[in-house]
Every structure is written in C-alpha cells, then in structure tokens.
Amino acid sequence: MVKSSKPLILAADGGGTRCRVAVYVGSGTHRVEVGAANVSTDFEAACIELQRGLEALASQSGISAGELAQTPAYLGLAGITGDAIAKKLAAALPFQHVRIEDDRAAALRGALGPQDGFVAHCGTGSFVAMQKGGLIRLAGGWGPVLGDQASAQWVGKRALSKALEFTDDVTEPSQLAQDLLSRYGGAAGVVRSAAEMTPSEFGTLAPLVTRFSGRGDKLAMTILQNGADYLADMMKKMGWGAELPICLTGGIGPLYAPYLPLDMQSVLVQPAGDPLSGALALAQAFREEVEHERN
C-alpha cells in the first residue's frame, strides 16, 4: 500500500441490490462493487458490505484502507431515514469525517449534474426529486411496506396481486396472470411464495411485466400505466412545469416513458451520470467544507 500525495475524494452509493464505493485521485477514479447496503433492512450487513468495499478499494487503488478512512467521505445509502440511523452508522464505520444521507440526493445530482429538473427514480425502490435554483426537494422513497410506488418491487407485487384477482374472475384475460399462476403453482403457491419474498425478489418479476406489456397484455400495461400516473402526479404536485426536464432513472424507470403524459414525454432527457458520480460530486463539496473548517 502507498500513501497518496494528492487530495482524495471518497464516496459510496448503496441500495437494496448493490453498493458501489469509489475514490477519486488525480489519475482517475477507482470503483468497486459489493453487496446490498440498505441500513434499514439489515444494518449489520450494510456495515459489513461498506467495510468490504473499503478494503477492496484499497486493494485496487493501492491506497491503504487507513488513508481512505481518513479521507472525508460522502455516503448516499438506502435506508437512511434520519439523523439517528446516520449517526449510528457513522459510529460503526472507520471514517474520520463522513457525511451520510439517503441515496436520493446522490441520484439526483448524478442524473442532472448542477442543472434544474426532475428525477423519477424507479429501481428496487423509488422516489421523485426536484432540483431548481439550487434548492432540492425529495418525495417518496419510504420503503417497500409504506411506499416505493412504481418501483420494480411494487410492479412485481402488484402483478402477483392482480394474478390472484384473475383467479377470482374479476379481471380481463391476461397471459401475464396465467404465466405467474403457472410459475408458482396456482393461487395458493402465489400466496405462499409472496409471504416469504424480499423486495429484491419481487423486483425480479418486473421484467416479466414489461415483457408482457410489450406484447399488448392489458394487465401488464395497466400496471405500468398506474406506475406512470403516480410519477406524473407526484411531479406535478412538486411543481413540475414544461420548462423543466425530466430524467427517468433506475432499472425500470425509463420503461415508464411511453406511459407518461405527452407534455412530460417531450422533456425527457438522458441522465448526465449515475448515482455514484453524484455521490462523488457531493463528496467533493463535503471535502471542501472540511478543509475550510480546518483552515
């Protein structure tokens, strides 16, 4: 291991599927990926994965784990619901200076850079965010039990629920419903399996829904339309106007594009970067704050 002679920028972006940790040095950025790091779902596992990420980053970059831990770090993580859990996590990690926030701010900054606009993020979880005139507003992201509408896990869960309605003969014919019932061995199997499924496991069904929607399955299309309606309604309530671009992010987010109102479709833009690049930008700002306080 070597000691870096250049300022370091350290950041992490963690969610219910994976956690990525990166360090920027003058020669470029080193990135590593480890397992899920949702601190509300499994605090201890998140700590272990973050520590694994730090050690893997040290190995890849050639910078000691000790020096990395002394670098001001910004962590954008799923499951950070307030100061209490952020402080608990900070105490469990080796960082000397660390700012810990939920993963929405990093995703917003990564997608839009410094520009004004909206982000509708739908991965395993979901949220809507606005950046305008230097101000940030966040909505949603309250987890699989009470929120995360339009997320991949929401789509999967809703598909299974609608498959049960199909067995009650209260929905239109649907190949998606028939496929799900066959896959799980009938209604009883759906109920039994769903009771033990994690949000990520529900989310694995989302590609099936999108695939059947492409075939014109009305049930699948209705689920996606419901998700898009939620996103559109949230953005309008948060003050969306036609002058503000919208970026759809996450594994399923971009698939809502054709289901949004036409005026929203007309201002869709591609993300400028990913959540980790956003976390690195916020880490740079945090490092500058720390250095200013030192001086």
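Taken together, the values in this text are just the output of simple stated rules run on the coordinates, not laboratory data. Computed from a prediction, not measured in an experiment: that's the story for all the values here. Cβ placement follows ideal geometry from the backbone for every residue including glycine, while neighbour counts extend to all protein chains displayed.
Worth pointing out:
- DSSP beta bridge pairing in the chain, given as percent antiparallel to the nearest 5: 60 percent
- Between the range 250-277 and the range 181-210, the alpha-carbon centres lie 27 Å apart.
- Among Met264, Met197, the ranking by other beta carbons within 10 Å of each residue's beta carbon, starting with the fewest, stands as Met197, Met264.
- Charge tally in the Cβ shell below 12 Å around Pro94, where Lys, Arg are +1 and Asp, Glu are -1, Pro94 excluded: -2
- Given the chain, longest segment not containing exposed loop trypsin sites (Lys or Arg not before Pro) (DSSP; at most 12 other Cβ within 10 Å): 4-214
- Cα-based shape type of the chain, given that a ≥ b ≥ c are square roots of the gyration tensor eigenvalues and the cut on a/c is 1.5: prolate
- On the beta carbon distance between Gln96 and Arg183, with R0 = 51 Å, the FRET formula returns roughly 0.55.
- Sorted ascending by nearby beta carbons within 10 Å, beginning with the fewest, Ile100, Ile48 become Ile48, Ile100.
- Helix 275-294 vs. the chain, principal-axis angle (Cα, 0 to 90°, nearest 10): 30 degrees
- Alpha carbon centroid spacing (whole Å) that separates the range 223-249 from the range 94-139: 16 Å
- The long axis of helix 43-61 is offset from the longest Cα principal axis of the chain by roughly 60 degrees.
- Here's how it looks for Ile63: its modeled amide H is under 5 Å from those of Val2, which are all 5 or more places away or on a different chain.
- Between 0 and 90 degrees, the angle of helix 218-237 with respect to the longest Cα principal axis of the chain falls at about 50 degrees.
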